[in-house]
1. Considering the range 66-85 alone, what residues qualify as being under 13 Å from the mean Cα position of the chain (by Cα), assigned to a loop (DSSP other than H, G, I, E, B) and touching a residue at least 12 places away in the same chain (Cβ under 8 Å)?
2. Go through 211, 228 for me and flag whichever is part of a loop (DSSP other than H, G, I, E, B) and either at negative phi or modelled with pLDDT under 95 (or both).
3. Quick check, is residue 199 in the same structural domain as residue 265 (by TED's automatic domain parsing), surrounded by 14 or more Cβ atoms within 10 Å (Cβ to Cβ) and over 18 Å from the mean Cα position of the chain (by Cα)?
């Protein structure tokens, strides 16, 4: 059976990180992934550029620093520091004081003091920063008077909308999806386990995630419908892990609680870490 394209691209990035660039085609491939739409490939591309000591990518790595994807920010800021980017220290100091996720603030602070981080943290996976930072999880109690959005694990989530239904499924390691069905159409919108579907005013959001084996991840998506009736989804935020409880406050704020701690997704499209 042929691997999905994303898996093949991820494997190639890992190979280029280990074996090095052979020609300009390799460089072009990695830069395309750094600037592409696949968040995991973007982070892995930044790591590959660092391990190849490709200083010409400094402008693209600086542009890749993002509050929405902490994995990409981690890889990009480590690369900028090791590549001796002229602006690295200034950017790191800003991240160390303003970034929403404490673990990333801690990494940025360490990089302003010491150019290198522990090699084990830099060679395992793009989820490395949470594995070795000393930052403790912050937790707050779930407010039980708010409606829980997740429901029982593996039970489909259904939202009736515009003559059809948005249906979210979570089958754990076997995968899940967000789909839309009506009398004429069946469409897959997100090809990941769906933990919550939230209708906030005129906007619809989905929360996805999987905690299995060595993988613990979560994401927030905005779900959109075009004028021709086609549904799509745009990833908005990478969470620090899989949320196990998701609640909606009356003002539209979404609380996400897991082993990573507690996060609020505010109505102004920002994340707030709760301490």
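The values are calculated or read from the model by the stated rules, or taken from the named source; none is laboratory data. Fair warning: this is a prediction, and the values are worked out from it, not measured in the lab. Cβ atoms come from the backbone with ideal geometry, glycine included; neighbour counts cover every protein chain shown.
1. Within the range 66-85, 67, 68, 69 meet the criteria.
2. Just one listed residue meets the conditions, 228.
3. yes
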